[in-house]
Amino acid sequence: MNVDFSAILVGLTFFTGIIWAVDRLYLQHQRQARATTAYDNDDVEEILREPRIVEYARSFFPVILIVLLLRSFLVEPFRIPSNSMMPTLLTGDFILVNKYRYGIRLPVLNQKIIGVSEPQRGDVMVFRYPRDPSVDYIKRVIGLPGDHIVYRNKMLIINGKVVAQEMLDKYRGVGSGVVMTGASDLMEDLEGVKHNILVDPRKNMGEVDLVVPDGEFFVMGDNRDNSNDSRFWGTVPEGNLVGKAFMIWMNWDSAGSGIAWDRIGSSIK
């Protein structure tokens, strides 16, 4: 079951805010009025004491509100659950995503209210999976609106130009990624955005020839033969964008040796 944390945060913010506001506007005045008729100091203190639920709401409301604002408009953490973006991102990487890079959007509704910039070719982008928007995916932006994309025989062609690839070495995987040991580790150059990709000589998946529709984006995983991406289910509408991944802040792969300290703080390119 996928948990919508934005909806939970909005609900908690509304609930605690309403309780606090009702107490400040009405109930507090009623307590003060009753206290003026009390004779014993202990009775006065008891009458003026906030109910426990109001005390909790007053304490938690600003904290929840700050978390909601940060998570909705600035930065949101995600965890990488699969090998589809190897070698750039590994299973167990915890990443930070810039939420305002592609525009300010209302939480839960995901409606853009302020435009900032559009995805660029080569961006590592988080988006809501078009076939199930409750699920977040992360892939690399390959094609922009209007681009002619061809992927055939493990070669990527954009607008009639073959994207340059340089063979580096055979890949040696660790932890959950050990299954990719032996794959070809290549350096790909997407119009100046250089990044590593993996190509499995034992597989030949996902050939495609299409023009990216207006307002949509073609995305692929860096683990080219082990990624469920635009080659199989189509392009990503602009309304599904979440943000741009920019940093790894933690890594924990239960299939490996625990925390990969060398990955902490790494920028995502």
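222 nm [θ] for the chain, helices only, -39500 (n - 2.57) per DSSP H run of 4+, per residue, to 500?
Details: 5 runs with 56 residues, N = 269.
Helix-only estimate at 222 nm: -6500 deg cm²/dmol.
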- Item | Exposure proxy order (Cβ contacts within 10 Å, fewest to most) of Met250, Met187 | Met187, Met250
- Rounded Å value of the spacing that divides the Cα centres of the range 10-33 and the range 205-264: 44 Å
- Residue-span extension gain [Leu168 to Lys203] - 0.36 nm each, minus C-alpha spacing: 10.7 nm
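Starting from the range 1-100, pick out the chymotrypsin sites (Phe, Trp or Tyr not before Pro) whose DSSP state is loop and whose Cβ has at most 15 other Cβ atoms within 10 Å. Intermediate values should be presented prior to the final figure.
Values: sites: Phe5, Phe14, Phe15, Trp20, Tyr26, Tyr39, Tyr56, Phe60, Phe73, Phe78, Phe94, Tyr100; in loops: Tyr39, Tyr100.
Those satisfying the criteria are Tyr39.
Give the calculated FRET efficiency between Arg34 and Phe73 to the nearest 0.05, with a Förster radius of 45 Å applied to their Cβ-Cβ distance. Please report the intermediate quantities before stating the final value.
Numbers: r = 42 Å, r/R0 = 0.94.
My answer for the efficiency is 0.60.
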- ³J(HN,Hα) across the range 203-213 via Karplus (A = 6.51, B = -1.76, C = 1.60, θ = phi - 60°), whole Hz, x for Gly/Pro? 10, 8, 10, x, 6, 8, 8, 7, 10, 5, x
- Which ³J(HN,Hα) values, rounded to whole Hz and listed in residue order, are derived for the range 162-179 from phi using the Karplus coefficients 6.51, -1.76 and 1.60 in 6.51 cos²θ - 1.76 cosθ + 1.60 with θ = phi - 60°, glycine and proline given as x? 6, 6, 5, 10, 10, 5, 9, 5, 7, 7, 10, x, 10, x, 5, x, 5, 5
- Item | Nitroxide proxy distance, nm - points 7 Å out along Cα→Cβ at Phe94 and Val179 | 2.5 nm
- Task: Enumerate the amide H contacts of Ser82 below 5 Å, restricted to partners 5 or more residues apart or on another chain; note that Pro and chain-start residues carry no placed amide H.
- Result: Gly92
- Item | Loop trypsin sites (Lys or Arg not before Pro), the range 134-237 (other Cβ atoms within 10 Å of the site Cβ: 11 or fewer; DSSP) | Arg202
- Note on the structure: In order over the range 8-21: 3J(HN,Hα) from phi, Karplus 6.51/-1.76/1.60, θ = phi - 60°, whole Hz, x for each Gly or Pro, gives 5, 5, 4, x, 5, 4, 5, 4, 5, x, 5, 4, 5, 5
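Evaluate E = 1/(1 + (r/R0)^6) for Val150 and Ser117, where r is the Cβ-Cβ distance and R0 equals 25 Å; express this FRET efficiency to the nearest 0.05. Before the final figure, lay out the partial values.
Numbers: r = 27 Å, r/R0 = 1.08.
E(calc), rounded to 0.05, equals 0.40.
Readers should treat all values here as calculations from the given coordinates under stated rules, not as data from a laboratory. On a predicted model such as this, the values are computed, not experimentally measured, just so you know. We place every Cβ from the backbone using ideal geometry, glycine too, and count neighbours over all the protein chains shown.
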